[in-house]
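Presented below is the structure to which this report refers.
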Amino acid sequence: MELKKRILANILSEKKHLKTILQSKRANIYYLEYCRVLQNGGRVEYITQEKDKQAYWNIPIANTTVILLGTGTSITQAAVRLLASAGVMIGFCGGDGTPLFAGNEIEWMSPQSEYRPTEYVQGWLSFWFNPEKRLHVAKELQSLRLNHIGNIWRKEPLYKECGIYADDQEFESIMSDMASNIDNAASVQNLLEIEGRTTKRIYAYIVRSTGFGAFKRNHEGTDAANIFLNHGNYLAYGLAATALWTLGIPHSFAVMHGKTRRGALVFDIADLIKDAIVLPTAFVCALRGDDERKFRETLMNLLIDKYSAIDIMIESIKFVCAQYAEPVK
């Protein structure tokens with residue numbers, strides 16, 4: 001009994017001293033490999049081994065959204081408990097943030113909290129069981145996706161330097177066609193077909209505009225562009241999972257992608273920023289000859305510091321709930 005009291009006192013003490021930073025305002029995503037994550041006092045640290053010496057590095061958990069544990073990592077129960085108390089998402093993945101095998105997915109470990117809001121999951125479920133409303137919400141998310149692409153591409157000088165312009169006639173035609181097709185879509189399957197065709201056209205536009213050369217999207221490809229796309233997409237999935245967890249919405253209630261897959265809503269929400277940020281950044285970094293570390297630094301600067309991707313996701317979800325949720329009786 002005394003031991004339980006001491007453990008509880010330690011947990012409460014740790015929570016009391018943690019700064020409260022909103023998930024949407026946090027700055028860090030960590031990808032770790034070949035290290036051990038553990039608790040040291042009131043901190044979470046990771047240890048790296050270099051020849052005959054070990055190096056300890058602190059993780060600022062109150063300002064961290066996601067930790068991706070890659071190849072050669074281990075984590076202690078005490079570290080997981082402290083990360084959960086700070087609301088940090090933990091993901092196990094393959095090398096460089098992507099799965100080891102094409103069929104595998106990251107396994108997300110959500111902090112358990114009974115104090116997340118209930119209004120958003122109640123609002124989401126109020127329309128989810130109505131196929132017609134679910135289609136309207138899927139269209140709304142695709143329209144928001146288009147808006148975010150246009151807004152970010154118009155602002156970002158990195159893209160303009162490589163010839164990617166939101167006001168390019170070819171690109172405007174792609175966006176206009178997609179907007180029109182979204183309005184006319186009669187089913188979710190239609191939307192998926194529209195998305196597939198549009199994504200191919202965006203790839204073709206970027207390849208032509210940047211003078212990239214031959215490119216074919218291949219999830220198992222070993223060229224820089226495909227590797228960066230895989231890497232960046234999984235970072236986007238981590239942000240989407242965090243946004244949904246923050247608002248208390250389970251990942252199973254997708255409106256567009258793979259409704260039979262438990263995490264499908266993560267894909268729906270990640271799409272809000274994948275084409276806007278991940279896709280062009282992958283090509284720009286591949287064109288520059290960046291390695292994966294440099295690509296990750298560039299992408300994280302855009303996702304977190306410059307465009308607040310989690311904010312975009314959270315506000316988009318809130319907007320959908322406000323527009324389509326049934327009032328509670």
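Quick check on LEU244: is it in contact with a strand residue (DSSP E or B) (Cβ under 9 Å, 6 or more places away or on another chain) and under 18 Å from LEU303 (Cβ atoms)?
No.
Could you go through the range 302-309 and let me know if any residue there is of a type in the set (A, V, I, L, M), at negative phi and touching a Phe, Trp or Tyr at 6+ places or on another chain (Cβ under 9 Å).
No, the conditions are met nowhere in the range 302-309.
Take the range 247-273 and flag every residue that is crowded, with 22+ Cβ neighbours inside 10 Å, more than 20 Å from ASN190 (Cβ to Cβ) and over 16 Å from the mean Cα position of the chain (by Cα).
Within the range 247-273, no residue meets the criteria.
Take the range 274-299 and flag every residue that is of a type in the set (A, V, I, L, M, F, W, C) and surrounded by fewer than 20 Cβ atoms within 10 Å (Cβ to Cβ).
Matches in the range 274-299: LEU287 only.
Suppose we filter LEU144, LEU125 for residues that are at pLDDT 95 or above and in the same structural domain as LYS306 (by TED's automatic domain parsing); which single one remains?
Checking each option against the conditions leaves just LEU144.
Kindly indicate whether any position in the range 77-89 is over 27 Å from CYS321 (Cβ atoms), assigned to a strand (DSSP E or B) and at pLDDT 85 or above.
No, there is no match, as no residue in the range 77-89 is over 27 Å from CYS321 (Cβ atoms), assigned to a strand (DSSP E or B) and at pLDDT 85 or above.
Hand me the list of helices (runs of 4 or more DSSP H) wholly inside the range 141-210 holding 2 or more residues that are polar (S, T, N, Q) and touching a residue at least 24 places away in the same chain (Cβ under 8 Å).
Of the helices (runs of 4 or more DSSP H) lying wholly inside the range 141-210, those with at least 2 residues that are polar (S, T, N, Q) and touching a residue at least 24 places away in the same chain (Cβ under 8 Å) span 188-210.
Name the pairs whose Cβ atoms lie under 7 Å apart, with the first residue in the range 45-64 and closer than 14 Å to VAL80 by Cα, the second at pLDDT 90 or above and hydroxyl-bearing (Ser, Thr, Tyr), and 6 or more positions between them or separate chains?
So the pair list comes out as ILE59/TYR46.
Residue by residue through the range 251-262, note down the ones that are out of contact with any Phe, Trp or Tyr (no Cβ under 9 Å at 6 or more places or on another chain) and at pLDDT 85 or above.
SER252
Checking PHE215 against (1) assigned to a helix (DSSP H, G or I); (2) crowded, with 16+ Cβ neighbours inside 10 Å: exactly one of these is not met. Which one?
So the condition that PHE215 fails would be (1).
The values are calculated or read from the model by the stated rules, or taken from the named source; none is laboratory data. Computed from a predicted structure; not experimentally measured. Note that each Cβ is placed from the backbone with ideal geometry, even for glycine, and that neighbours are counted across all protein chains shown.
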